[in-house]
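The values are calculated or read from the model by the stated rules, or taken from the named source; none is laboratory data. These numbers were taken from a predicted model, which means no experiment stands behind them. No Cβ is skipped: glycine too gets one built from the backbone with ideal geometry, and neighbour counts run over all protein chains shown. The area values use the complete protein model at the heavy-atom level, side chains included, leaving out ligands, DNA and RNA. Shrake-Rupley method; radii C 1.70, N 1.55, O 1.52, S 1.80 Å.
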Amino acid sequence: MARISVITAFPGLIRDFVSASVLGRGIASGKLEVSVTDIRDHSSGAYRQIDDYAFGGGGMLLMPGPLESALDAVAPRGDRFVACPTPQGVPLHQELVEDLHKASLAKRLVIVCGHYEGIDERFVERYVDVEFSIGDFVLTGGELPAVALIDAISRLVKGVVGKERAVEDDSFYSGMLDCPHYTRPADFNGALVPDVLLGGDHAAIDSFRKEEAARRTISRRPDMIARAGIMPYLRKGAYVILLHHPVRDRNGRKSTTAITGLDLHDISRACKTYGVKKYFVVTPLAPQREMVKKIARHWVDGYGAEFNPDRKEAMKLVKTCPSLAGALDWIEEREKARPFTIATTARQTDCGKNWTCVKRQMLELSRPLVFLFGTGSGLHGDILSGSSVVMNPISGGSKDYNHLSVRSAVGIVLDRFFGFR
Ligand code: ADE
């Protein structure tokens, strides 16, 4: 059960809020526990004093003594995680809410509300595990941020929000904003509900909602795109192509490389992990393609499938092709749309695009996305100039060394585009 305690100079504010609506019902049904402690009950003087002037000037501060006594009364040191709302804190976002929800399950989450000008810093340094802010504005106290946090945590407590799906679809769940929603009447003084929502085509409704979610996120919160997992929002999915020709040799000449076994295993596993639809291994050399097929067959149909069923799932994605053009034709035929090719390179080029801009652009396309990776010393210039976009190199920050294996590059690129951080 989630256990939360609030230490405050205004207990009524918290009690009123948590007793109402969904939160109140969650507490009543025993799915979460919220207790409230009045700091004044822990003041020592006859006047129940809890605050005093700041040394050096600057208004009233909550004194450390009553706060310490309230905290010890609420939970012993080993059984508490202390959060403190303050405009100086880290921004409260969904991942932090999830972490604090976990903290409330493992220990008691204690929220200490500041008031007036804040809290004596010595209390914060000694007892507070995280300081959080709900925005770049200053409220009169931490009570509103505290109830905002409790409300957000309560949505994560199983059974508090009616339908699990409502929580899954919330804004921020895969790093994207939610789509717009409509209820009756279907015609509100001439403002109509989009037709697609009135029909029973669930696949069409799902695509409509994802497209709207993507549109909103791009226009209102472009900053969120960098961290969002966008695979579910792509209309035609993503493919990876590993080229063994035409690639550069060490001297920059056009050449053909040999297949590397590790590339088959590691890249297919990365593709499966991030939801890529197919992993093409392109080589003009027929015996090399035969070798890839033999290896893939071992893992998909042969003893390997029994030995390691997870590898089977990854290896199922592997497909050989003699040329890039052939692979792109195959994708176009399957998706009924021309692929959008994204070339990767470890070299600085004049046309390199920032990866967050490419990510944003991908959300607006109705074309299959194809990431091109080169073996050897990278994709040949012909491939770069023929692709829809060339991405800036992945940079590790060191000026004179940039030699990632292609397997590492695939992992990093897939994580930037499809991982959710
Ligand atoms: N206390 C006062 N203003 C605040 C804010 N914006 N976030 C968290 N705590 C606060």
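Checking the condition more than 21 Å from residue 345 (Cα to Cα) and of a type outside the set (Ser, Thr, Tyr), which residue from 327, 296 passes?
Selected residue: 296, the only one of 327, 296 that is more than 21 Å from residue 345 (Cα to Cα) and of a type outside the set (Ser, Thr, Tyr).
Considering (1) assigned to a helix (DSSP H, G or I); (2) surrounded by fewer than 19 Cβ atoms within 10 Å (Cβ to Cβ); (3) in contact with a strand residue (DSSP E or B) (Cβ under 8 Å, 6 or more places away or on another chain), say which one residue 263 fails and leave the rest.
Single failed check for residue 263: (2).
Which residues, taken from segment 333-367, are within 15 Å of residue 387 (Cβ to Cβ) and assigned to a helix (DSSP H, G or I)?
Scanning segment 333-367 gives 355, 358, 361, 362.
Among the residues of segment 120-138, which ones are more than 8 Å from the ligand (Cβ to nearest atom), open to solvent by 70 Å² or more (accessible area, probe 1.4 Å) and either under 22 Å from residue 58 (Cα atoms) or in contact with a strand residue (DSSP E or B) (Cβ under 7 Å, 6 or more places away or on another chain) (or both)?
Within segment 120-138, 121, 122, 125, 129 qualify.
Specify the residue that is farthest from residue 115 (Cα to Cα); the eligible residues are those in segment 139-155 that are open to solvent by 70 Å² or more (accessible area, probe 1.4 Å) and near the ligand (Cβ under 8 Å from one of its atoms). Outline the logic, then answer.
Let us first name the residues in segment 139-155 that are open to solvent by 70 Å² or more (accessible area, probe 1.4 Å), namely 140, 144, 155.
Subset that is near the ligand (Cβ under 8 Å from one of its atoms): 140, 144.
Working: 140: 6, 144: 11 Å.
The qualifying residue farthest from residue 115 (Cα to Cα) is 144.
Before we move on, is residue 37 more than 16 Å from the ligand (Cβ to nearest atom), among the hydroxyl-bearing types (Ser, Thr, Tyr) and closer than 29 Å to residue 153 by Cβ?
Answer is yes for this residue.
Can you pull out every residue in segment 1-52 that is touching a residue at least 12 places away in the same chain (Cβ under 8 Å), over 18 Å from residue 100 (Cβ atoms) and among the acidic types (Asp, Glu)?
Residues satisfying the conditions are 38, 41, 51.
So, of the residues in segment 72-92 that are under 15 Å from residue 115 (Cα atoms), open to solvent by less than 60 Å² (accessible area, probe 1.4 Å) and not hydrophobic (A, V, I, L, M, F, W, C), which turns out to be nearest to the ligand (Cβ to nearest atom)?
Ranking the qualifying residues of segment 72-92, first place goes to 85.
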